[in-house]
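Okay, so here's the structure we're looking at.
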Amino acid sequence: MSYLEAKEKYALLGVDTDKAIEKLKTVPISLHCWQGDDVVGFDQKGALSGGIQTTGNFIGRARTPEELMADIDKVISLVPGKMKLNLHASYAIFEDGFADRNELEPKHFSKWVQFAKKRNMGIDFNPTFFSHPMVKDNLTLSSPDESVRSFWVEHGKRCLKIAEYFANETGMPCVMNIWIPDGYKDIPADRLGPRERFKKSLDEILSVPYNKSKVFVTLESKVFGIGLESYTVGSAEFCMNYVANKGIMPLMDNGHYHPTEVVSDKISSMLLFNEKLALHITRGVRWDSDHVVIFDDETREIAKEIVRANALDRVFIATDYFDASINRISAWVTGIRSVEKALLYALLEPNDKMKQMQDKADFTSLMVMHEELKTMPFSDVWAQYLKRTNTPANYLAEVKKYEKEVLEKRQ
Ligand code: RNT
Ligand code: ZN
């Protein structure tokens, strides 16, 4: 079927496909840099810690800033829409000597700023509270050891300054997300103490003056990590209350809840009480496994909730997953395209009509509409979106070519 036929079919439902395509072009997705190198970074040689894990050993992991930048460029060429770059502090680039996490300065990220500016991208940022010898007994900002706690507070403060530097340089706001892995494998005796210390540490970090119209600080909660099964300091309740009290922004990662809980159902409540909301889109398979995002029910449902709430400009969407078992470029591209697909799919629903059905308690029509939508000629509208953003339809061919010409040579 051609795009024009699809357009007519959607028009019969009262949906304007051109409008949906134009809208989607303006929605930025924050591209996580850590898919390219299995969350290793450039500032240390140790294993990934913090209760997160990358599995697989596919060829071609990016080992240097140059390789990672080349890979990101390949990804950008294969995804439609507007991208922001999402960096972790561990991706600092040391040109004139190493600096530890508590010594980081804007200059350690100037190469990234150059990179982003050339591509007209904003930058989002994350302090890195894992994969480092100062993570003691799985604790950072909540550590009872004052030397550990203050080391990480200083890291947070430094990152806030770097986030502001990103915003100033790129002219686009920077979302700075705080996530700590802190927790206990087994039943703790004191649940309050670590949370008290985490709260104090966050207060100290946020005491650094920063421009709140340019830097949006977010706090990401989590229910458990590998080796941290019994207790996490930064639980959902801790983070939601802290954020509300301090006037910062919540971040929800859809891998960070009990397996039968869904973030799609949480978005409306969060939007009622927060001006802005940030999301990490991932795919947990039985646990927070960070599989590549695909065009599945929950990803679509998340997108629908954002669109139905008319909140595309209030929700900061970022991807967060890491798969080392398949071509990493393909993993990256598949995930980002899936998020974009879900958004387009959501933009192609006759929301007003469906709300009316619900309010009139016409659940018969509503169910039929839900089902009808599933077999609409969505793929033709998606193809048109790719065409209008000059994005290749067949990215697999490009990925395989890059694998042969670039990744295989990294052995
Ligand atoms: C971990 C969190 C966190 C990390 C990244 C690397 O469970 O989701 O966001 O994945 O910061
Ligand atoms: Zn996350």
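The values are calculated or read from the model by the stated rules, or taken from the named source; none is laboratory data. No experiment lies behind these values; they were computed from the predicted model shown. Counting neighbours? That spans all protein chains shown, and the Cβs are built from the backbone with ideal geometry, glycine included. The area values use the complete protein model at the heavy-atom level, side chains included, leaving out ligands, DNA and RNA. Shrake-Rupley method; radii C 1.70, N 1.55, O 1.52, S 1.80 Å.
Projecting the Cα atoms of Val113, Gly51, Tyr10 onto the dipole axis of the range 1-123, where Lys and Arg carry +1 and Asp and Glu carry -1 at the beta carbon, places Tyr10 farthest toward the positive end.
Counting only protein heavy atoms and a 1.4 Å probe, tell me what percentage of the chain's accessible area is made up of carbon and sulfur.
On the way: 9470 of 18080 Å².
The nonpolar share, carbon plus sulfur, comes to 52 percent.
Note on Lys7: lysines with a C-alpha under 26 Å away, same-chain residues under 8 apart excluded, are Lys19, Lys23, Lys25, Lys82, Lys304, Lys341, Lys353, Lys355, Lys374, Lys387.
Of the trypsin sites (Lys or Arg not before Pro) found in the range 275-317, those that fall in a DSSP loop while having at most 16 other beta-carbon atoms within 10 Å are Arg286, Arg314.
Multiplying the residue separation of Asn120 and Asp18 by 0.36 nm and removing their Cα-Cα distance gives an extension gain of 34.2 nm.
Label separation (Asp352 vs Ala11): 1.7 nm, computed from points 7 Å beyond Cα along the C-beta direction. Straight-distance candidates among the aspartates and glutamates for linking to Lys9, with alpha-carbon spacing under 18 Å and chain neighbours fewer than 8 residues away dropped: Asp18, Glu349, Asp352, Glu371, Glu372, Asp380. A simple spin-label model places the labels of Lys161 and Lys404 5.0 nm from each other, with each point 7 Å out along Cα-to-Cβ.
Taking Lys and Arg as +1 and Asp and Glu as -1, the other residues whose beta-carbon sits under 10 Å from that of Ser142 total +3.
Count charges around His258 for me, please; just the other residues with Cβ under 15 Å from its Cβ, Lys/Arg as +1, Asp/Glu as -1. Charge balance near His258 sits at -4.
Solvent-accessible surface of the chain, taken per residue with a 1.4 Å probe and all protein chains present: 44 Å². Under a Gaussian network description of the chain, with springs only between Cα atoms under 10 Å, the residue in Gly156, Gly36, Gly56 that fluctuates furthest is Gly56. Considering only Thr218, Thr17, Thr389, the Gaussian network model of the chain with Cα springs below 10 Å gives its largest mean-square fluctuation to Thr389.
Can I get the semi-axes of the chain's equivalent ellipsoid? Compute them from the C-alpha gyration tensor as square roots of 5 times the eigenvalues, in angstrom, largest first. List each step's numbers first, then the result.
Working: eigenvalues 250, 137, 76 Å².
Those come to 35, 26, 19 Å.
Partner aspartates and glutamates whose Cα lies under 18 Å from the Cα of Lys161, excluding those fewer than 8 positions away in the same chain, are identified as Asp100, Glu103, Glu105, Asp124, Glu169, Asp203, Glu204.
For the chain, a Gaussian network of Cα nodes joined below 10 Å ranks Glu196, Glu105, Glu349 by mean-square fluctuation, and the top entry is Glu196. For the range 25-62, the set of trypsin sites (Lys or Arg not before Pro) satisfying both a DSSP loop assignment and a count of at most 15 other C-beta atoms within 10 Å is given as Lys45. This model, with +1 at the C-beta of Lys and Arg and -1 at the C-beta of Asp and Glu, gives the chain a dipole about its Cα centre of some 800 debye. With axes computed from alpha carbons, what is the tilt in degrees of helix 65-78 against the longest principal axis of the chain, rounded to the nearest 10 within 0 to 90? Its long axis makes an angle of about 10 degrees. Among the chymotrypsin sites (Phe, Trp or Tyr not before Pro) in the range 307-346, none is located in a DSSP loop while being surrounded by at most 16 other Cβ atoms within 10 Å of its own Cβ.
Each label was represented as a point 7 Å from its Cα along the Cα-to-Cβ direction; for Met367 and Val208 these points are 5.5 nm apart.
Using the beta-carbon distance between Ser2 and Ser77 and R0 = 25 Å, what value does 1/(1 + (r/R0)^6) give for FRET efficiency, to the nearest 0.05?
Values: r = 26 Å, r/R0 = 1.04.
My answer for the efficiency is 0.45.
Helix 378-388 and the longest principal axis of the C-alpha atoms of the chain enclose an angle of approximately 70°. For the range 352-411, the Cβ-based charge dipole about the Cα centre amounts to some 360 debye (Lys, Arg positive; Asp, Glu negative; other atoms uncharged). Between Ile226 and Val262, the FRET efficiency from the beta-carbon distance, with R0 = 30 Å, is close to 0.85. Since only Pro250, Ser201, Ile162 are under comparison, the one whose Cα sits farthest along the positive direction of the charge dipole of the range 101-252, derived from C-beta charges on Lys, Arg, Asp and Glu, is Ile162. Relative to the longest principal axis of the Cα atoms of the chain, the long axis of helix 297-308 lies at roughly 80 degrees. Using the Cβ-Cβ distance between Asn102 and Asp137 with R0 = 22 Å, the FRET efficiency computed as 1/(1 + (r/R0)^6) comes to roughly 0.75.
For the range 263-294, the residues whose backbone nitrogen is under 15 Å from a point 7 Å from the Cα of Arg308, taken along Cα to Cβ, are 263-272.
Just how large is the dipole of the range 303-358 about the Cα centre, in debye to the nearest 20, putting +1 at every Lys and Arg Cβ and -1 at every Asp and Glu Cβ? Walk me through the numbers on the way to the answer.
Working: 8 positive and 7 negative charges, 27 e Å.
Around 120 debye, computed over the range 303-358.
The separation of the range 334-401 from the range 1-79, counted between C-alpha centres, amounts to 18 Å.
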